[in-house]
Amino acid sequence: MAYVLEAVMLACFGLSWPMNAYKSYRAHTARGTSWQFLALITAGYAAGIAAKTIADPGSWVLAVYYLNLAFLLVNWWVYLRNRRLDAKRSAFPQEDGAALA
């Protein structure tokens, strides 16, 4: 039962990553997104994966950790893309920022 509850927690928490990535992608800006937050969450997932690998390497819950980590990596990609778009807008402030997306 503990594995099921852990998987449910990870699934609920993990569903926020695709929604956040989509919202950030559409926003075309990294403003409001903290790389420190993303780094902390990434470190947390790495620690969780390491702990689960040590405690029970054959656990199916590990797959949920990796799925969440994949969604988080998409968020990193969107963050880096949006930082690049922000930099372009800063370099050319007279242009319409939406055209740079």
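No value in this document is a laboratory result; all are computed from the given coordinates. It should be emphasised that the depicted structure is a prediction, and the values quoted were computed from it without experimental measurement. Positions of Cβ are generated from backbone atoms using ideal geometry, with glycine treated the same way; all protein chains shown enter the neighbour counts.
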Log entry: pair-distance distribution for the chain, C-alpha pairs binned every 5 Å from zero, whole % per bin is 2, 12, 20, 19, 14, 11, 8, 6, 4, 3, 1, 0
About its Cα centre, the chain carries a charge dipole, from +1 on Lys and Arg Cβ atoms and -1 on Asp and Glu Cβ atoms, whose size in debye to the nearest 20 is 340
Given 60-73, 11-24, the highest-first ranking by average Cβ count within 10 Å works out to 60-73, 11-24
